[in-house]
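The values are calculated or read from the model by the stated rules, or taken from the named source; none is laboratory data. Since this is a predicted model, take the numbers as computed values, not measurements. Positions of Cβ are backbone-derived with ideal geometry, glycine not excepted, and every protein chain shown enters the neighbour counts.
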Amino acid sequence: MSEQHDERGMTGTEAMMWHIEADPWMSPSGGSITIFDRPLDVPRLRRLMTNAVNNVPRLRQRVVEPATPLGTPHWTTDHELDLDWHVRHIGAPGEGTLRDLLDWTAPWLQDPYDRSRPLWQYVAID
């Protein structure tokens, strides 16, 4: 498998955030909660996310550490991106109250990204 590199590598800000994210006390990871007013259409969500991954190159890229400690990390295309890992659909936690949702979400948002994959996830909760 050949790797395709982003010519510019990571920007200084991207590299700083990448290194900070490795420290659980300083992790800049974050997320958002969106509450929709209708039932989730999972097949449509999958189509939309597939389209996004195919049209937004960064969604297919993961980070490669430099060969030397003084090098800058760079982006490479992940030709084996597992959309099922990045886009998940789960049932509502507990009784499905807002409190249950927040209690489930808080620790999940604190988990560091899997550094061997593109740095995003989408979890749809019904």
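Please tell me if residue 68 is within 15 Å of residue 119 (Cβ to Cβ), surrounded by fewer than 11 Cβ atoms within 10 Å (Cβ to Cβ) and hydroxyl-bearing (Ser, Thr, Tyr).
On the way: within 15 Å of residue 119 (Cβ to Cβ): no; surrounded by fewer than 11 Cβ atoms within 10 Å (Cβ to Cβ): yes; hydroxyl-bearing (Ser, Thr, Tyr): yes.
Answer is no for this residue.
When you scan the range 25-58, how many residues do you find that are surrounded by 10 or more Cβ atoms within 10 Å (Cβ to Cβ), at pLDDT below 95 and β-branched (Val, Ile, Thr)?
2
If I ask for residues that are surrounded by 12 or more Cβ atoms within 10 Å (Cβ to Cβ) and not aromatic (Phe, Trp, Tyr), which ones from the range 111-126 would you list?
Just the residues of the range 111-126 that are surrounded by 12 or more Cβ atoms within 10 Å (Cβ to Cβ), to begin with: 112-115, 117-125.
Matches in the range 111-126: 112, 114, 115, 117, 118, 119, 121, 123, 124, 125.
I'd like to check which strands (runs of 3 or more DSSP E) are fully inside the range 19-126 and have at least 1 residues that are more than 28 Å from residue 9 (Cα to Cα) and touching a His at 6+ places or on another chain (Cβ under 9 Å).
Working: elements: 61-64, 74-77, 87-90, 122-125.
Answer list for the range 19-126: 122-125.
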